[in-house]
Amino acid sequence: MSTTDDRDDRHATLMRSVQAGDRAAYAELLRDVAPLLRRMVRRRQPFPMRAQDVEDLVQDILLSLHAARGTYDPPRPFLPWLAAIVRNRMADAARRAVRRRDELAVAQLPETFSPDGANTAEDVYGDPEALRHAIAALPGGQRQAVELLKLRELSLREASAVSGMTVGALKVAVHRGVRTLRMKLTREA
């Protein structure tokens, strides 16, 4: 029997104990596999990694081992199961590294807000009387939803308590009411 088989048998035995709730076996298993994981990560890394990145990846693998410990099938070998976790976490790390590499570093971020005066008169509807008439012409439920949510700026919960309508019904009514107002007011403009 080779040393790899001995190690696999030892880890499989420890993992069975872990699944049975043995904390000491769990601590021993983690102590045993951590150096093995470091070697596996260093050997298989498809991209350059700093020592701290290797350690971060090993910790990520250990967390995944913890989360997946219930999926280990005791009659099967332990090391291939562990290697699958390593392979998946390394693929995740490679994707993160590519995303970071593809991000652009810029000296100054673009502005996210428009400068003062960016809104022009064409962007704002300017006839409040026509808006009042259009709101008054809405069906009752839509008018009430628009008045409570848009004009009085109540929350959905508050508007529901005032109107007796459900939150879902309010959402639908305000959506339809705003859509109707937008169509009516753009036709008249």
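Laboratory data are not the source of any read-out in this text; all were calculated from the coordinates shown. Fair warning: this is a prediction, and the values are worked out from it, not measured in the lab. No Cβ is skipped: glycine too gets one built from the backbone with ideal geometry, and neighbour counts run over all protein chains shown.
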Considering only residues that are over 32 Å from the mean Cα position of the chain (by Cα), among the polar types (S, T, N, Q) and farther than 25 Å from LEU185 by Cα, which ones fall in region 136-173? SER163
Of the conditions (1) surrounded by 15 or more Cβ atoms within 10 Å (Cβ to Cβ); (2) within 30 Å of ARG101 (Cα to Cα), SER17 clears all except one; give me its number. (2)
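Within region 82-92, restricting attention to residues that are in contact with a Ser or Thr (Cβ under 8 Å, 6 or more places away or on another chain) and not aliphatic (A, V, I, L, M), which residue is surrounded by the fewest Cβ atoms within 10 Å (Cβ to Cβ)? Step through it out loud before you land on a result.
Within region 82-92, the subset in contact with a Ser or Thr (Cβ under 8 Å, 6 or more places away or on another chain) is 85, 88-89.
Next cut, not aliphatic (A, V, I, L, M) only: 88-89.
Numbers: ASN88: 13, ARG89: 21.
So, considering only residues that are in contact with a Ser or Thr (Cβ under 8 Å, 6 or more places away or on another chain) and not aliphatic (A, V, I, L, M), the one surrounded by the fewest Cβ atoms within 10 Å (Cβ to Cβ) is ASN88.
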